[in-house]
Amino acid sequence: MITQRSLLVALLCAAWILPGLIGHDPWKPDEAYTFGVVYEMLRGGSWIVPTLAGEPFLDKPPLYYLTAAAMARLFSFALPLHDAARLATGLWMAATFGFMALAGRELYGIRHGAVSALLLLGCFGFVVRAHLLLTDMALLAGFAMAYYGFAAALRRPLMGGFWIGTGIGVGFLANGLLAPVVLIAAALLLPALGRDWRRRGYAAALATAVAAAAPWLVIWPLQLYYRAPELFQSWLWDENLKYYFGTAPGVRVGTLYYLEILPWYAFPVWLLALWTLWRARVTGIARPAIVLPLTGFLLTLVVLSSSSDARELYALPLLLPLSLLAVPAPETLHRGAVNAWYWFSAMAFTFFAVVFWFYWSGLELGIPAQLHQHLHRIRPGYAFGFRLLPFLLGVAYTLAWLTVLASFRKSPMRPVVVWGSGVTVMWALITILFVGWADNAKSYRSMVVSMHKALPAKYDCIASHDLGEPQRASLHYFAGIITYREEVPSRKRRCQLLLVQGTSQGEATPGAGWKKIWEGARPGDKDERYRLYFRPKKLTR
């Protein structure tokens with residue numbers, strides 16, 4: 001049964017998902033190389049051995065890449081390839097919100113089902129990442145499926161087991177070993193931590209989960225092993241186990257990293273989750289609604305913190321169990337806290353909306369002039385001017401925000417809806433009004449086009465030195481250029497051209513016989529610098 005509250009939350013989720021999915025190039029760093037793999041698949045590359053700019057690239061399994069490639073083929077008639085591919089993120093986000101709502105309904109009842117999705121979209125750390133071309137978006141959907149499966153297994157073991165196994169499989173085929181490790185550990189620990197899972201039906205659920213997960217866990221690794229055993233070993237060790245059992249040079253140890261970022265990253269759900277736990281000391285902590293999300297959160301935190309690599313992107317799976325744990329908090333907060341949260345949300349997001357429109361006026365209309373000059377100085381090269389469609393969309397979101405403030409009745413859920421609506425409007429205004437300005441600096445298009453114009457009429461090939469994955473992918477997509485990296489022995493060539501990625505502070509010349517013919521960077525970038533050298537004829541040793 002679909003309730004009015006569920007429809008409202010579904011509409012809000014859609015309004016949150018759509019802005020930012022189209023209208024900009026693949027951004028550095030993660031989007032650029034993710035789309036680079038998708039682009040290779042669209043050009044006939046293998047899904048068994050994903051490639052990036054002509055080289056095997058086994059950073060992640062192929063599920064998200066395949067989904068993005070499928071969306072690109074379906075919608076390329078109306079959108080640029082990269083925008084069409086990014087629709088895959090919207091698809092996986094819709095699945096994540098849907099399964100979070102289902103998990104909330106299983107744990108708390110139909111009246112509270114959609115609250116978990118609403119709380120998730122309000123997390124500060126979730127907004128930007130969840131609109132980009134990232135394999136982690138499919139990983140989140142896998143976690144959400146599994147949490148729903150664990151909750152549903154208490155009433156319907158076979159269906160619950162199916163979604164546990166499918167969630168494990170989707171998470172694995174999207175991102176690697178993180179989801180299977182966390183979710184299999186949760187499956188084994190739940191009976192010890194909660195008596196509700198100590199039933200014969202749960203054993204049937206686990207058996208079903210094994211059957212459901214097996215195809216996801218087996219087919220691609222076996223295909224990869226039979227195709228290229230050395231690449232399989234490289235994927236298993238270099239991209240997965242090395243970060244836990246080996247030495248990964250040049251990365252940050254993340255023992256406390258995730259606890260340090262959670263106060264802002266998971267705001268405000270971590271506060272609500274703590275309130276739920278505080279009240280559970282009286283009402284009982286052994287209930288499924290406490291045991292499941294708390295177990296999921298702690299296991300995910302332990303596994304992430306055990307890795308030698310730490311990034312805020314990796315913290316996204318922590319937000320799902322926190323959102324589930326926070327569901328009952330709004331209706332148990334004191335009236336003063338509810339009113340304070342509401343007024344803070346209303347005033348803060350209204351203030352930001354006014355600020356964004358003020359900055360839009362400075363950026364596009366030149367009023368005030370000093371702000372206009374400042375914005376174009378820090379992001380040079382942007383073609384400003386009034387554009388009707390972004391203006392109308394921005395006005396529509398602003399009016400919707402004012403309507404929510406004026407029409408939503410007093411209730412414990414009012415601050416949750418207003419907070420979620422405020423985050424949605426803030427994100428929508430940023431992406432609708434400023435996406436072109438941001439794209440000008442975060443895309444490699446202008447840099448690649450500039451370099452391409454400087455290429456000589458005839459040359460044999462282009463070698464590269466210290467060129468990163470996002471840059472290699474952008475060269476391939478925007479200019480059809482594939483470089484031969486000096487760092488990879490099997491790819492090394494004695495080319496007439498050499499592209500070097502460095503910094504603006506100093507230039508390390510490649511040696512005798514080379515002449516610099518081009519130098520450039522992204523607009524406003526003071527760190528990265530790219531230099532192209534030409535050798536008129538090959539030198540003999």
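Indicate the gyration tensor shape class of region 137-202 (rounded, prolate or oblate), computed on the Cα atoms with a ≥ b ≥ c the square roots of the eigenvalues: a/c under 1.5 is rounded; otherwise a/b larger than b/c is prolate and the rest oblate.
Values: a/c = 2.70, a/b = 1.69, b/c = 1.60.
Since a/c reaches 1.5 and a/b is larger than b/c, the shape of region 137-202 is classed as prolate.
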Given the convex hull of the Cα atoms of region 352-396, what is a quarter of its surface area in nm²?
-> 3.2
Which shape class, rounded, prolate or oblate, goes with region 303-410 when its Cα gyration tensor gives a ≥ b ≥ c as root eigenvalues, a/c under 1.5 marks rounded, and past that a/b bigger than b/c marks prolate?
-> oblate
Translational D (Stokes-Einstein, µm²/s) of region 147-304 at 20 °C and 1.002 mPa s when Rh comes from the Kirkwood sum over C-alpha pairs?
-> 122
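Which trypsin sites (Lys or Arg not before Pro) does region 142-241 hold that lie in a coil by DSSP with at most 15 other beta carbons within 10 Å?
On the way: sites: 155, 195, 198, 199, 200, 227; in loops: 155, 198, 199.
Here the trypsin sites (Lys or Arg not before Pro) that fit, given the DSSP loop and packing criteria, are 155, 198, 199.
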Loop only per DSSP, at most 10 neighbouring Cβ atoms within 10 Å: give me the trypsin sites (Lys or Arg not before Pro) in region 450-482, ordered by residue number.
-> 458
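Kirkwood hydrodynamic radius, region 478-541, all distinct C-alpha pairs: what's the number in Å? Display every interim value, and only then the final one.
Details: mean 1/r = 0.0760 Å⁻¹.
Mean inverse Cα-Cα distance, inverted, gives 13.2 Å.
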Kindly express, to the nearest 10 degrees and within the range 0 to 90, the angle between helix 4-17's C-alpha long axis and the longest C-alpha principal axis of the chain.
-> 10
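Compactness ratio of the chain: Cα Rg over 2.2 N^0.38 Å, N = residue count? Write out the running numbers ahead of the final one.
Details: Rg = 25.1 Å, N = 541, 2.2 N^0.38 = 24.0 Å.
With N residues counted in the chain, Rg over 2.2 N^0.38 Å equals 1.04.
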Per the Debye formula with a single identical scatterer at each Cα and no solvent contribution, what log10 I(q)/I(0) holds for region 152-244 at q = 0.18, 0.19 Å⁻¹?
-> -0.80, -0.86
By what distance, in whole Å, do the Cα atoms of region 97-227 stretch along each of the three principal axes, largest value first?
-> 50, 41, 21
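So what's region 299-338 giving for Cα Rg divided by 2.2 N^0.38 Å, two decimals?
Numbers: Rg = 14.6 Å, N = 40, 2.2 N^0.38 = 8.9 Å.
Expressed relative to 2.2 N^0.38 Å, the Cα Rg reads 1.63.
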Straight-line reach check, residue 60, cutoff 18 Å on alpha carbons, 8 or more apart in-chain or any other chain, hits among lysines -> 28, 242
Is region 265-363 best put as rounded, prolate or oblate by its Cα gyration tensor, with a ≥ b ≥ c the root eigenvalues, rounded for a/c under 1.5, and otherwise prolate when a/b is larger than b/c, oblate when not?
-> oblate
Apply the Karplus parameterisation 6.51 cos²θ - 1.76 cosθ + 1.60, with θ equal to phi minus 60°, to every residue of region 112-124 and state each ³J(HN,Hα) to the nearest whole Hz, in sequence, with x for glycine and proline.
-> 10, x, 7, 5, 4, 5, 5, 5, 5, 5, x, 6, 4
Cross-link reach list, aspartates and glutamates versus residue 515, counting only Cα pairs under 14 Å and skipping chain neighbours closer than eight places | 507
Between the Cα axis of helix 316-325 and the main Cα principal axis of the chain, the angle (0 to 90°, nearest 10) is 10
Which whole-number value in Å³ per residue fits the convex hull of the alpha carbons of region 406-503?
-> 162
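Based on DSSP H runs of at least 4 residues, each adding -39500 (n - 2.57), what is the mean residue ellipticity at 222 nm of the chain after dividing by all its residues, to the nearest 500 deg cm²/dmol?
Values: 21 runs with 326 residues, N = 541.
About -20000 deg cm²/dmol.
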A 1.4 Å probe over the protein heavy atoms gives the chain a carbon and sulfur accessible-area percentage of 65
Which of the cysteines in the chain are isolated, no other cysteine C-beta under 4.7 Å?
-> 13, 123
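Report, for the chain, the % of DSSP beta bridges that are antiparallel, rounded to 5. Before the final figure, lay out each step's value.
Details: 14 of 20 bridges.
Approximately 70 percent, going by the DSSP bridge assignments.
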What percentages, rounded to whole numbers, describe P(r) for region 1-96 computed over all alpha carbon pairs with 10 Å bin width beginning at zero?
-> 16, 43, 26, 11, 4, 0
Which aspartates and glutamates does residue 492 reach when only Cα atoms under 20 Å apart count, and residues fewer than 8 places away in its own chain are ignored?
-> 55, 230, 460, 466, 469
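Which whole-number value in Å² is the accessible area per residue of the chain, probe 1.4 Å?
Numbers: 23890 Å² over 541 residues.
That works out to 44 Å² per residue.
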Loop sites in region 448-541: chymotrypsin sites (Phe, Trp or Tyr not before Pro), DSSP, at most 15 other Cβ within 10 Å = 459
Would you kindly state the longest site-free stretch of the chain, with sites defined as GluC sites (Glu not before Pro) in a DSSP loop (not H, G, I, E, B) surrounded by at most 14 other Cβ atoms within 10 Å?
-> 1-486
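Set the Förster distance to 22 Å, then compute FRET efficiency between residue 47 and residue 211 from the Cβ-Cβ distance, nearest 0.05.
Efficiency computed from Cβ-Cβ geometry: 0.40.
The values are calculated or read from the model by the stated rules, or taken from the named source; none is laboratory data. Given the structure is predicted, the values throughout are model-derived calculations rather than measurements. So basically every Cβ, Gly included, is an ideal-geometry build from the backbone, and we count neighbours across all protein chains shown. Surface areas here come from the heavy atoms of the whole protein model, side chains and all, with no ligands, DNA or RNA. Shrake-Rupley method; radii C 1.70, N 1.55, O 1.52, S 1.80 Å.
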